[in-house]
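Undergrad: Mind having a look at this structure? Questions to follow.
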Amino acid sequence: MTDLLTKLTYQAFQQGKSYFGLAHKTLSTELLKLVNPPAPERVPQPLDIQVLNQVRIWLDEIIETDWQDAEQGVYPASLLFENPWEDFFRHYPALWLDMVDIQNRANRKQYQSFSPGVDTDGYPSYYLQNFHHQTDGYLSEKSAELYDLQVDILFNGGADAMRRRVLAPLKQGLTEFQSVPPKQIRVLDVATGTGRTLRYIRAALPQASLHGIDLSPAYLRKANQLLSEIPGELPQLVQASGEAIPYLDNYFHGVTSVFLFHELPPQVRQQVIAECFRVTKPGGLFIICDSIQAIDFPEMQPMLENFPVTFHEPYYRSYITDDLVQRLEQAGFETVRTENHFVSKYWIAQKPIES
Ligand SMILES: C[S@@+](CC[C@H](N)C(=O)[O-])C[C@H]1O[C@@H](n2cnc3c(N)ncnc32)[C@H](O)[C@@H]1O
């Protein structure tokens, strides 16, 4: 009975988030049309009702899977109700104010625009972008404060459920290291951003030693806040790029990366995969979570094409046709399998035991 009640509460909670995301997007689109309409080339193509229905079904399915994984003990059910309420009430008004700036920059095709005082020195040039037209790209406190809200609204409340889909394969893959004491299990999250995936990994693996890298100091500061709230050893955060991971060879039992690969140029994707291979222990696994690709659901092609029309995502078109299985195998990974949940795709790759 308690379980049924918890499940119903979770479904209602997610439905609320989903309606809120839809309402926010509809209202903001209509208001912006009046105040400052999008340039004609930024108007997305209308989507068939079948496409929209399919997305709705996938959202219901991922919520069910999220519940099932919690019920089977992959992580505590309390995780399902985590929501950054404080951030929501503090930063939601700023999100509205930011939308006008975003629209202005987008219409003027300003894709590398940073506020005075934002230090852009030393970053790879492909990174110095206003990804999703984000104010200051990933390089300011303001961007880090708004990011989680923006992403959750974009995915109608399903962003965290997508992040949590790395947990079951991660836990399953780590059974390879049953003889290793839980405290000595090491997991790295590459491009950890504001640390949400690490927070969920902490809940699934309370004793493991957790590490996160990201290029953005502002996002790492935000991650540090989020991760400091939870009990257990504090995950270690390092400012570093996925192309040059500052850890020893064969160091981690598991490596994850969520929503990074669509923001990398093709050759950098290969470099990051090669680095993840290097730092993964033989027998360990590497899990990528990112957008679905063209090959997965050809009927979704119009939705995938709309994404870089609405948002500045310079590498997305090449990402949706990139064969990451081939890239993972080229780096040395084997037994690569893929899964799809909601609008995301997962590559679960193992480093050969004898490597
Ligand atoms: C779309 S966000 C995803 C963040 C987080 N994983 C999540 O689930 O929300 C992309 C993140 O990748 C980081 N990033 C982009 N290129 C990177 C690179 N080459 N090395 C490390 N981090 C990178 C950005 O700073 C940003 O935090």
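Undergrad: What does the charge count around Asn53 come to, taking other residues whose C-beta lies under 13 Å from its C-beta (Lys +1, Arg +1, Asp -1, Glu -1)?
TA: -3
Undergrad: Quick check: residue separation of Phe89 and Gln172 times 0.36 nm, minus the Cα distance between them. What number comes out in nm?
TA: 26.2 nm
Undergrad: Please list, or write none, the aspartates and glutamates whose alpha carbon is within less than 12 Å of the alpha carbon of Lys222, excluding same-chain residues fewer than 8 places away.
TA: Asp87, Glu141, Glu145, Asp148, Asp214
Undergrad: Modelling each spin label as a point 7 Å along the Cα-to-Cβ direction, I'd like the Lys33/Gln330 distance in nm, to one decimal.
TA: My value for the distance between the label points is 4.3 nm.
Undergrad: Can I ask one more? Can you tell me which aspartates and glutamates have their Cα less than 17 Å from the Cα of Lys183? Leave out same-chain residues fewer than eight positions away.
TA: In chain and number order, the partners are Glu233.
Undergrad: Based on the Cα atoms of region 168-265, what semi-axes does the equivalent ellipsoid have, where each is the square root of 5 times one gyration tensor eigenvalue, given in whole Å with the largest first?
TA: Its equivalent ellipsoid spans semi-axes of 21, 16, 12 Å.
Undergrad: Give me the one-decimal nm value for the distance between modelled label points at Tyr19 and Glu243, 7 Å along each residue's Cα-to-Cβ direction.
TA: Rounded to a tenth, the inter-label distance reads 4.7 nm.
Undergrad: Next question. Summing +1 for each Lys or Arg and -1 for each Asp or Glu, what net charge is found among the other residues whose Cβ lies under 9 Å from the Cβ of Val258?
TA: Counting the neighbours of Val258, the net charge comes to 0.
Undergrad: At 4 °C and 1.567 mPa s, grab the translational diffusion coefficient of region 97-193 from Stokes-Einstein with a Kirkwood Rh over Cα pairs, rounded to a whole number in µm² per second.
TA: 79 µm²/s
Undergrad: With a length cut of 18 Å (Cα positions projected on each helix's long axis) and a Kyte-Doolittle mean of at least -0.5, go through the chain and give me the DSSP H helices that pass.
TA: 2-35, 49-71, 141-154, 266-279
Undergrad: Considering only lysines 8 or more places apart in sequence, or on different chains, count the pairs in region 1-122 whose C-alpha atoms sit under 22 Å apart.
TA: Qualifying lysine pairs in region 1-122: 5.
Undergrad: Further question: Show me the three semi-axes of the equivalent ellipsoid for region 182-323, from the C-alpha gyration tensor (sqrt of 5 times each eigenvalue), largest first, rounded to whole Å. Before the final figure, lay out the partial values.
TA: Working: eigenvalues 155, 59, 40 Å².
Semi-axis lengths for region 182-323 are 28, 17, 14 Å.
Undergrad: Can you tell me the convex hull volume per residue for region 299-354, based on C-alpha atoms, in Å³ to the nearest whole number?
TA: Once divided by residue count, the hull of region 299-354 is 95 Å³.
Undergrad: Now a separate question. Quick one: in region 141-205, what % of C-alpha pairs are over 19 Å apart?
TA: Value for region 141-205: 41 percent of Cα pairs lie more than 19 Å apart.
Undergrad: Where does the charge balance sit around Asp66 when Lys and Arg score +1, Asp and Glu -1, over other residues with C-beta under 12 Å from its C-beta?
TA: Value of the local net charge: -3.
Undergrad: If you take the Cα atoms of region 254-355, find Rg, then find the Kirkwood Rh from the mean of 1/r over all pairs, what is Rg/Rh? Don't skip to the end; give the middle numbers.
TA: Values: Rg = 13.7 Å, Rh = 13.9 Å.
Result for region 254-355 is an Rg/Rh of 0.99.
Undergrad: Could you calculate the contour length gain from Thr321 to Gln271, that is, 0.36 nm times the residue separation minus the distance between their Cα atoms, to one decimal place in nm?
TA: 16.2 nm
Undergrad: Another question about this same structure. Report the percentage of all Cα-Cα pairs in the chain whose separation exceeds 33 Å, rounded to a whole percent.
TA: So the portion of pairs separated by more than 33 Å is 26 percent.
Undergrad: Highest mean first, what order results for 30-41, 202-213 on Cβ atoms within 10 Å?
TA: 202-213, 30-41
Undergrad: What FRET efficiency comes out for Leu8 versus Val100 if R0 is 30 angstrom and r is the Cβ-Cβ distance? Round to the nearest 0.05.
TA: According to the calculation, E is roughly 0.15.
Undergrad: Something else about it: Jot down the per residue volume, in cubic angstrom and as a whole number, of the convex hull over the alpha-carbon atoms of region 1-111.
TA: In region 1-111, the Cα hull volume divided by residue count equals 146 Å³.
Bear in mind that the values in this text are calculations on the coordinates, not laboratory data. Worth saying up front: this structure is predicted, and the values here are computed from it rather than measured. Positions of Cβ are generated from backbone atoms using ideal geometry, with glycine treated the same way; all protein chains shown enter the neighbour counts.
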